[in-house]
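To start, the structure itself, in structure tokens.
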Amino acid sequence: MGHGRSIGLGLLMGVLARIILLRSDYRQYPTYPHGYASHLFLGIIAALVGAVSVPALIEREWTAVTFFVVVAQQFREIRSMERDSLKALEETQLVARGADYIESIARVFEARYYIVILVAASAAYGTERGGVLLGIVLGVLAFAGSASVIKQEPLWMSVEVKPAKLSFKGAGLYVDDIFIMNVGLEESRQTIVRYGIGAILIPKTETARDTLANLGQRQAILHDAAGILGIKKDVDTPEYTPMATRHIPTGRVGVFMVPEERDPQLLVQVIRRTPVLESARGRSMYRRSM
Amino acid sequence: MEVTFSGIILCAVTDDGAKIQAIPAFVVRDEAARQEKARLLSRILKGAVHDLGDGVLIVVRH
């Protein structure tokens, strides 16, 4: 008996899953056509691996199964591929992504291929056992289940974000009551007061407080904010570098930037939607189990 | 990473040369002229200007 239908449906569902996961969001990565092309191509390979492995198992073709396991190992390379390409771009960014953000993006990209394999294998299994309809149902279930598992938590779930006023006490720049930095040039102080905006991040839990303490998390916030609002800065004006500074007694964080688009509410929105990075997440909630 | 502890003092602009030792210092008595000198040095050296008070500005590469 042929396995054409199950392989075909598995391949189709897997590729569809990759296309859905490829949608670019507001963080604008990746939106370049070559990124799409290479990820679609790899997505087809991943879908094929998933789709063919199930009929191979059913036919007790152990050589084929072993071979597909070896192929699946190749997808581990995706993570280093994404990491390398993003790291290469870091030097020329006015506001860097930071190592934590890059690692998080790279990990997401790797995980997406395993989801494609799982979806394709589920669809193929369903088709083998109960026909095309069951294949589609199992494929959709596998996609929905795994997509919800890798869904990233946005910052607003654990952190309250409020717009805040910038002010100077002498040369000291403050966002509300949080000291940001010392600005020595009168001209820069005037520019900051005129064009700058600020926000205060108030952690709702101890875990969120520790998340905000992570430098990588704060750099990700600044990178997203600078990407969306634009930034009035060049290499010779380091005093306009966006900053996220911690208020040590309370764990609150003051964010300062000089954007092209002076919209404090938009800044708040962007910060609220920044993902909580896996590597930055606070672990104080495990204190109870000690 | 932009958030860092490391910084190099590239030079200072001051109203009195005796306040600065071991780094290049530009002595400018007038407050407005000191600001202008510091601004030029900051743009040329790509460093940030910080005000230590008491007539001392430093240019720092972060």
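The values are calculated or read from the model by the stated rules, or taken from the named source; none is laboratory data. All figures in this text were calculated on a predicted structure; none of them were measured in a lab. Cβ: placed from backbone, ideal geometry, glycine included. Neighbour counts: every protein chain shown.
Okay, here's what the table says:
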{"quantity": "Criterion: assigned to a helix (DSSP H, G or I) and over 26 Å from the mean Cα position of the chain (by Cα) - qualifying residue of A:ILE105, A:ILE115, A:ILE7, A:ILE20", "calculated": "A:ILE7"}
{"quantity": "Residue count, the range A:257-288 (criterion: within 22 Å of the chain's Cα centre (by Cα), modelled with pLDDT under 90 and farther than 16 Å from A:TYR101 by Cα)", "calculated": "1"}
{"quantity": "Checking A:GLY216 against (1) over 22 Å from the mean Cα position of the chain (by Cα); (2) within 14 Å of chain B (Cβ to nearest Cβ), the condition it does not meet", "calculated": "(1)"}
{"quantity": "Flag for A:ALA123 being surrounded by 15 or more Cβ atoms within 10 Å (Cβ to Cβ), small (Gly, Ala, Ser) and more than 18 Å from the chain's Cα centre (by Cα)", "calculated": "yes"}
{"quantity": "Counted residues, the range A:143-154 - those being surrounded by fewer than 18 Cβ atoms within 10 Å (Cβ to Cβ) and either without any contact (Cβ under 8 Å) to a residue 24 or more places away in the chain or among the hydroxyl-bearing types (Ser, Thr, Tyr) (or both)", "calculated": "5"}
{"quantity": "Criterion violated by A:ALA72 - all others in (1) over 30 Å from A:ILE231 (Cα atoms); (2) aliphatic (A, V, I, L, M); (3) at pLDDT 90 or above satisfied", "calculated": "(3)"}
{"quantity": "Single residue of the range A:155-174 satisfying the filter (within 12 Å of another protein chain (Cβ to nearest Cβ) and out of contact with any helix residue (DSSP H, G or I) (no Cβ under 6 Å at 6 or more places or on another chain)) that is surrounded by the fewest Cβ atoms within 10 Å (Cβ to Cβ)", "calculated": "A:LYS169"}
{"quantity": "Options A:LEU94, A:LEU118, A:LEU89; residue that is under 30 Å from A:VAL235 (Cα atoms), aliphatic (A, V, I, L, M) and more than 14 Å from chain B (Cβ to nearest Cβ)", "calculated": "A:LEU89"}
{"quantity": "Test result for A:GLU77, within 15 Å of the chain's Cα centre (by Cα) and acidic (Asp, Glu)", "calculated": "no"}
{"quantity": "Top-ranked residue of the range A:180-198 - restricted to ones that are closer than 17 Å to A:LEU266 by Cα and outside any strand (DSSP E or B), ranked as nearest to the other protein chains (Cβ to nearest Cβ)", "calculated": "A:GLY196"}
{"quantity": "From the options A:SER85, A:SER6, A:SER38, residue that is polar (S, T, N, Q) and at pLDDT 90 or above", "calculated": "A:SER6"}
{"quantity": "Pair list, Cβ < 8 Å and 6+ apart or interchain, from the range B:36-48 residues that are within 7 Å of chain A (Cβ to nearest Cβ) to residues that are part of a helix (DSSP H, G or I) and of a type in the set (Asp, Glu)", "calculated": "B:ARG39/A:GLU187; B:SER42/A:GLU239; B:ALA48/A:GLU239"}
{"quantity": "Test: residue in the range A:21-29 that is modelled with pLDDT of 85 or more and either assigned by TED's automatic domain parsing to the domain that holds A:TYR125 or under 22 Å from A:ILE231 (Cβ atoms) (or both)", "calculated": "yes"}
{"quantity": "A:ALA208 being within 14 Å of another protein chain (Cβ to nearest Cβ), surrounded by 22 or more Cβ atoms within 10 Å (Cβ to Cβ) and farther than 23 Å from B:LEU41 by Cβ", "calculated": "no"}
{"quantity": "Test: residue in the range A:138-160 that is more than 25 Å from A:GLY50 (Cα to Cα), over 23 Å from the mean Cα position of the chain (by Cα) and assigned to a strand (DSSP E or B)", "calculated": "no"}
{"quantity": "Tally, over the range B:10-35, of residues that are within 10 Å of chain A (Cβ to nearest Cβ) and assigned to a strand (DSSP E or B)", "calculated": "1"}
{"quantity": "Residues satisfying the stated conditions in the range A:237-264, i.e. among the small types (Gly, Ala, Ser) and within 12 Å of chain B (Cβ to nearest Cβ)", "calculated": "A:ALA244"}
{"quantity": "Residue within the range A:269-283 that is without any contact (Cβ under 8 Å) to a residue 40 or more places away in the chain, over 27 Å from B:ARG43 (Cα atoms) and in contact with a helix residue (DSSP H, G or I) (Cβ under 9 Å, 6 or more places away or on another chain) present", "calculated": "yes"}
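Yes/no matrix, rows are residues, columns are (1) under 17 Å from A:VAL253 (Cα atoms); (2) in contact with a Leu (Cβ under 8 Å, 6 or more places away or on another chain); (3) of a type in the set (Phe, Trp, Tyr):
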site	(1), (2), (3)
A:PRO163	yes, yes, no
A:GLY172	yes, no, no
A:GLU186	no, no, no
A:ALA199	yes, yes, no
A:LYS204	yes, no, no
A:LEU212	yes, yes, no
A:LEU215	yes, no, no
A:LEU222	yes, no, no
